[in-house]
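Following: one structure in structure tokens, then a few remarks.
The values are calculated or read from the model by the stated rules, or taken from the named source; none is laboratory data. Model, not experiment: these values are computed from the prediction. Here the Cβ positions follow ideal geometry from the backbone for every residue, glycine too, while neighbour counts run over all protein chains shown.
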Amino acid sequence: MNHLLDLLRQPPGLHPVSPETPNAPDRFWAEGRLPAEHLSIEVEGLGPLPQPLPPAQAQALHDLSEPAQFGLRDQTLLDPTVRHTGEVSADLLSLDWQPGAFAALKQSVAQALGVEQLDAWLHNLLIYGPGQFFKPHQDTEKHPGMVATLVLVWPSPHLGGTLRVQLGPQETVLSSQHLQAQDIRWFAFYADCRHEVLPVQEGWRVALTFDLVLPAEAERPAVPAGLQTALEHGLRQQFALDSDTPSMAPWVLLLDHEYTEHGLRWPLLKGEDRWRVAALRAAAEALGLRLHLALAELHQTWSAEPAPRSRWGRHDDAGDPQPGELIDESLSLDFWVDEDDKVGPRSSLSVKLDDTTSFTETGRAHLVDEQYEGYMGNYGETLDYWYRRAALVIQSPLAAERDRFELDFDAALADLQRLAGLPAESATLASRVQVAARTLAYQVSARGRTLLDACAEIAAALPDPEAATALLAGFDPSGFLPEDAAVLARLQRERGTPWLRTVLQRWSDPQARRFAAVTGWRAQWGSNLSMTALWPTPLPAFTQAALDAGWSLELLDDWFDTCLAALKRFDQARVQAKPANRMQLQPGLLQAVDELAQSLVLRADDGVEDLQVLIDHVLAHPGLYPRTQLASFTQSIGALSHQWPQDQPLHARVTEALRTALTEPLRDISDHHLRGVEWVCRCKDCLGMIPWAESTSAEPLVLAMAEPRRQHVQSQFETAGAPLTATTLRQGSPHKLVLHKPGDLQERDRAVRQAWARDLAALIP
């Protein structure tokens with residue numbers, strides 16, 4: 001058994017519940033007596049209620065009452081099979097207490113329920129006649145701070161009408177029946193208790209009900225010094241506070257009572273929860289530990305077993321499946337209240353079950369949902385159960401800060417930024433960044449450049465350069481915008497150019513990023529490439545922003561070396577890609593190298609060397625960069641051709657390629673052959689298609705073959721990027737694959753030639 005639970009098992013002093021049960025071990029219910037002369041009641045339309053209440057007066061009271069309704073979730077219902085009793089609303093009642101009697105009653109009830117004080121608000125008067133009842137139910141929180149219900153049973157002869165109260169596995173029976181009473185019986189119980197009024201057998205049961213509310217200014221229960229010292233020692237051991245490596249795991253105590261999101265507040269804790277939490281809080285605060293109240297959800301998945309059979313061979317439970325073996329179990333906290341009683345974000349935090357303890361087992365009383373899942377292929381039948389409980393969560397300060405990044409990332413990040421502006425807090429800043437490193441990396445990956453400004457501010461203030469590098473390592477520069485160039489310039493000034501060059505190296509290192517997603521800055525491309533950003537877009541705008549922000553010459557050189565390296569890696573992958581995939585990527589790559597050329601021109605003489613590398617790369621790969629499509633690229637460089645002698649070979653080769661292309665004769669109207677298709681497969685089936693595709697014929701091609709062969713032929717011309725269409729003629733056996741050529745080949749050729757002519761005219765003034 002957990003040592004902390006042992007310390008909290010026995011209350012710090014006796015708490016009398018009633019004269020009949022002076023040493024009761026719990027506080028979820030209480031009972032007592034009130035002299036009858038301490039209270040008189042007058043009912044509008046009837047007058048004073050005698051003591052005891054004669055049957056004739058009771059009948060008249062019942063006739064005056066209205067059928068009582070009940071609440072079900074957000075509905076108010078009238079159903080005599082659930083609640084069968086009469087109700088007189090509070091506005092028809094006048095109560096006259098003897099001086100001090102009401103205050104003394106409230107104090108007695110508060111003491112019996114284990115709280116310092118309670119306010120009582122009259123709710124209604126209920127009258128149960130013979131056979132009337134109220135089935136098991138749970139009271140709703142009718143007022144802010146409502147924690148319990150008080151019932152005063154008027155002296156009226158009756159038999160039956162017993163009040164049964166249950167909290168989890170605990171239950172008590174409170175009997176008010178009598179034939180001749182000289183006093184008023186009172187019963188109190190917490191609002192999360194399920195309770196019922198059993199049928200009245202004879203006579204009339206008349207009861208006043210009050211909502212018991214904890215005042216907002218209620219004080220914490222006093223904690224004996226000896227108990228606090230013992231708990232401090234226990235918490236010190238639990239969190240290994242005297243060791244070099246204190247525990248980062250939380251200690252979670254599941255509370256006994258039930259609380260809603262409105263009722264889970266420090267001043268509103270009930271019964272044993274109240275003094276136990278107060279004692280733990282005092283000890284934890286003395287040690288500098290952090291505390292929260294939270295709502296916990298326990299999720300269990302069980303294998304489903306057939307319902308047990310009775311001795312007569314029938315299913316006892318109408319065939320409902322029963323839980324067999326526990327498959328999985330998890331617990332999460334998803335509603336948080338801090339030490340100042342403020343509700344935090346509703347994010348969920350997973351907690352290990354080993355870090356959780358309680359005085360009572362989680363059971364049916366805590367069940368909020370269940371679900372049966374039938375057989376699903378590889379998965380057998382399962383039963384899922386969800387349980388809801390309140391919890392006290394104690395953590396070390398660092399662990400609380402770590403988890404705060406999970407629960408309220410933006411607020412936690414803002415705190416880091418605040419610390420970054422306080423040089424004296426650099427050690428605290430470093431420790432928080434260290435414990436939150438995993439969450440920070442995840443958020444950087446998910447949010448990208450939107451976190452760059454904040455992370456740069458924090459990185460600039462970190463005392464350890466490697467920690468600052470690690471904080472920024474997850475950013476993907478291909479997503480940067482021009483305004484981010486100024487952020488990097490600020491980092492360059494604050495941490496120095498060599499450090500920022502190291503960060504850039506981390507961003508561009510394929511090995512360092514081998515597990516990252518696929519972008520131009522990362523090395524892992526598959527066989528089917530997609531055109532993602534190789535660098536910030538538009539790159540010329542980013543380059544101009546970097547120049548204006550004062551990037552150093554060394555940093556700019558590294559930046560463009562990285563851009564060129566990314567382009568070369570991507571082109572290397574393009575060579576291995578399928579022809580259709582390369583054709584799809586080509587327009588984007590042509591625009592990308594055009595932007596890179598424009599950016600290098602912006603650097604003037606400082607960009608000459610990299611510009612030459614770019615031109616050489618483009619000219620060395622005519623299959624990837626056809627020269628007839630490089631007019632825009634040539635113009636971007638040739639705008640300053642008098643300064644760029646390296647432009648001349650490019651200009652000459654592109655204009656020569658355009659002239660040669662334009663000298664080719666126009667396609668004859670009867671010519672329908674496909675040009676420039678890079679066939680990948682030349683198997684027997686594909687060789688039945690390729691000669692037809694390269695012929696001048698416009699007639700469709702019909703291939704009779706089985707479905708796998710038809711699928712292969714179609715996939716291969718799609719892989720090659722051939723502009724063919726296919727239909728299946730489902731006649732005969734085997735079915736026939738019918739291939740068609742485009743009907744607008746002449747129009748396509750004419751459009752391409754017109755573009756060549758425009759490009760050539762632009763290159764030759």
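Side notes on the structure shown:
- For the range 454-489, the set of residues classified as assigned to a loop (DSSP other than H, G, I, E, B) and within 20 Å of GLU425 (Cβ to Cβ) consists of LEU462, PRO463, ASP464, listed by residue number.
- The range 342-373, residues that are in contact with a strand residue (DSSP E or B) (Cβ under 6 Å, 6 or more places away or on another chain), part of a helix (DSSP H, G or I) and either among the acidic types (Asp, Glu) or outside the structural domain of SER332 (by TED's automatic domain parsing) (or both): ASP355
- The condition of being among the acidic types (Asp, Glu), touching a Lys or Arg at 6+ places or on another chain (Cβ under 9 Å) and either surrounded by 15 or more Cβ atoms within 10 Å (Cβ to Cβ) or at negative phi (or both) holds for only one of ASP244, ASP256, that being ASP256.
- Only one entry in ALA652, ALA726 is of a type outside the set (D, E, K, R) and either in contact with a Leu (Cβ under 8 Å, 6 or more places away or on another chain) or surrounded by 15 or more Cβ atoms within 10 Å (Cβ to Cβ) (or both), namely ALA726.
- Among residues of the range 139-154, those that are within 41 Å of the chain's Cα centre (by Cα), not acidic (Asp, Glu) and not in a strand (DSSP E or B), counted: 5
Results for (1) in contact with a Gly (Cβ under 6 Å, 6 or more places away or on another chain); (2) of a type in the set (Gly, Ala, Ser); (3) in a helix (DSSP H, G or I); (4) touching a residue at least 40 places away in the same chain (Cβ under 8 Å), shown as yes or no for each residue.
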residue: VAL88; (1), (2), (3), (4): no, no, no, yes
residue: ALA104; (1), (2), (3), (4): no, yes, yes, no
residue: GLN117; (1), (2), (3), (4): no, no, no, yes
residue: ALA120; (1), (2), (3), (4): no, yes, no, yes
residue: ASN124; (1), (2), (3), (4): no, no, no, yes
residue: GLY131; (1), (2), (3), (4): no, yes, no, yes
residue: HIS137; (1), (2), (3), (4): no, no, no, yes
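- Test: residue in the range 581-592 that is under 28 Å from GLN492 (Cα atoms), surrounded by 20 or more Cβ atoms within 10 Å (Cβ to Cβ), touching a residue at least 40 places away in the same chain (Cβ under 8 Å) and not basic (Lys, Arg): yes
- Qualifying residue in the range 698-705 (condition: surrounded by fewer than 13 Cβ atoms within 10 Å (Cβ to Cβ) and among the hydrophobic types (A, V, I, L, M, F, W, C)): yes
- Meets criteria (at pLDDT 95 or above and outside the structural domain of ASP594 (by TED's automatic domain parsing)) for TRP644: no
- TYR128, sole failed condition from (1) farther than 28 Å from GLU42 by Cα; (2) at pLDDT 90 or above: (1)
- Counted residues, the range 99-128 - those being aromatic (Phe, Trp, Tyr), under 14 Å from ALA207 (Cβ atoms) and surrounded by fewer than 18 Cβ atoms within 10 Å (Cβ to Cβ): 0
- LEU179 surrounded by fewer than 17 Cβ atoms within 10 Å (Cβ to Cβ) and either touching a Cys at 6+ places or on another chain (Cβ under 9 Å) or closer than 19 Å to ILE127 by Cα (or both): yes
- For the range 148-170, filtering for residues that are at pLDDT below 90 and either among the hydrophobic types (A, V, I, L, M, F, W, C) or in contact with a strand residue (DSSP E or B) (Cβ under 8 Å, 6 or more places away or on another chain) (or both) leaves 1.
- Set ASP96, ASP91: member being out of contact with any strand residue (DSSP E or B) (no Cβ under 9 Å at 6 or more places or on another chain), surrounded by fewer than 14 Cβ atoms within 10 Å (Cβ to Cβ) and either farther than 26 Å from GLU171 by Cβ or among the hydrophobic types (A, V, I, L, M, F, W, C) (or both): ASP91
- Residue in the range 599-614 that is over 16 Å from VAL654 (Cα atoms) and within 42 Å of the chain's Cα centre (by Cα) present: yes
- Test: residue in the range 520-530 that is at pLDDT 90 or above, surrounded by 21 or more Cβ atoms within 10 Å (Cβ to Cβ) and of a type in the set (Phe, Trp, Tyr): no
- Considering ALA573, ALA533, ALA566, the condition of being outside any helix (DSSP H, G or I), in the same structural domain as GLN505 (by TED's automatic domain parsing) and of a type in the set (A, V, I, L, M, F, W, C) is satisfied by ALA533 alone.
- Verdict on ASP96 being assigned to a strand (DSSP E or B) and either assigned by TED's automatic domain parsing to the domain that holds PHE187 or closer than 19 Å to VAL151 by Cα (or both): yes
- Candidates VAL654, VAL713, VAL677 - the one that is more than 30 Å from LEU600 (Cα to Cα), of a type in the set (A, V, I, L, M, F, W, C) and not in a loop (DSSP other than H, G, I, E, B): VAL713
- A single entry from LEU174, LEU179, LEU198, LEU264 fulfils the requirement of being within 34 Å of the chain's Cα centre (by Cα) and not aromatic (Phe, Trp, Tyr): LEU264.
- The one condition in (1) farther than 30 Å from ASP256 by Cβ; (2) assigned by TED's automatic domain parsing to the domain that holds GLN238; (3) not charged (D, E, K, R) that ALA391 fails to fulfil: (1)
- Output for the range 720-765, where each listed residue is in contact with a strand residue (DSSP E or B) (Cβ under 6 Å, 6 or more places away or on another chain) and in contact (Cβ under 8 Å) with a residue 24 or more places away in the chain: LEU724, LEU729, PRO734, HIS735, LYS736, LEU737, VAL738, LEU739, HIS740
- Residue in the range 140-150 that is in the same structural domain as PHE189 (by TED's automatic domain parsing) and within 19 Å of GLN57 (Cα to Cα) present: no
- Cβ-Cβ contacts under 9 Å between residues 6 or more apart (or on different chains), taken from a first residue in the range 36-53 that is assigned to a strand (DSSP E or B) to a second residue that is charged (D, E, K, R) and surrounded by fewer than 17 Cβ atoms within 10 Å (Cβ to Cβ), are listed as LEU39/ASP96; SER40/ASP96; ILE41/ASP96; GLU42/ASP96; PRO48/GLU42.
- Search result, residues across the range 182-196 that are surrounded by 20 or more Cβ atoms within 10 Å (Cβ to Cβ) and touching a Pro at 6+ places or on another chain (Cβ under 9 Å): ILE184, ARG185, HIS195
- Evaluating PRO215 against the criteria (1) under 25 Å from GLU87 (Cβ atoms); (2) surrounded by fewer than 20 Cβ atoms within 10 Å (Cβ to Cβ) leaves one unmet condition, (1).
- Inter-residue pairs, beta-carbon under 8 Å, first on the phi > 0 side of the Ramachandran plot and in the range 199-212, second assigned to a strand (DSSP E or B) and of a type outside the set (Asp, Glu), 6+ apart: GLY203/HIS158; GLY203/LEU159
- Of all the residues in the range 183-227, those that are under 29 Å from THR260 (Cα atoms) and not in a strand (DSSP E or B) number 14.
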